[in-house]
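Single-structure report; data block below.
Each reported figure results from applying straightforward, stated rules to the coordinates on display, with no laboratory input. A quick note: this is a predicted structure, and the numbers were derived from the prediction, not measured. Note that each Cβ is placed from the backbone with ideal geometry, even for glycine, and that neighbours are counted across all protein chains shown.
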């Protein structure tokens, strides 16, 4: 799994199906799922995101996690995070999991975040075209790959 995590002062998603979701202070998580991903990846990544100390404390130091600031999450499935641009100019998405694999893992990831954090979680509509808007606070953007645990 790959995740692009952005600390936001607000973010929203408008889906082609008509669904609209928005959050205020919190994290926008773009989540890419590949064929090799499993529940271990979900558990590790969910725990890592919940624990990230990237919100400022009263001294302005990034020392608080999302639970401590009572933030919200917006989690968007994004297969293009697994794009390969090695050959030519048209990206290949061969590593991205097919919907029958990625959708249940995406739903399980959202559920795991909700259960582990008790935070308000919004999400996009899997497979829909989505317009995502955000105000990146900081800016703070972190990329995590469960296959490359750094």
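(1) surrounded by fewer than 16 Cβ atoms within 10 Å (Cβ to Cβ); (2) farther than 20 Å from residue 15 by Cα: which one isn't true of residue 137, the others all being true?
So the condition that residue 137 fails would be (1).
Among residues belonging to the stretch 80-100 that are under 18 Å from the mean Cα position of the chain (by Cα) and without any contact (Cβ under 8 Å) to a residue 40 or more places away in the chain, point out the one that is nearest to residue 145 (Cα to Cα).
Here the answer is 83.
Within the stretch 1-60, track down each residue that is without any contact (Cβ under 8 Å) to a residue 40 or more places away in the chain and either surrounded by 19 or more Cβ atoms within 10 Å (Cβ to Cβ) or in a strand (DSSP E or B) (or both).
Hits for the stretch 1-60 are 20, 56.
Mind telling me which of the residues 101, 75, 143 ends up being closer than 21 Å to residue 41 by Cβ, in contact with a helix residue (DSSP H, G or I) (Cβ under 6 Å, 6 or more places away or on another chain) and not in a loop (DSSP other than H, G, I, E, B)?
75
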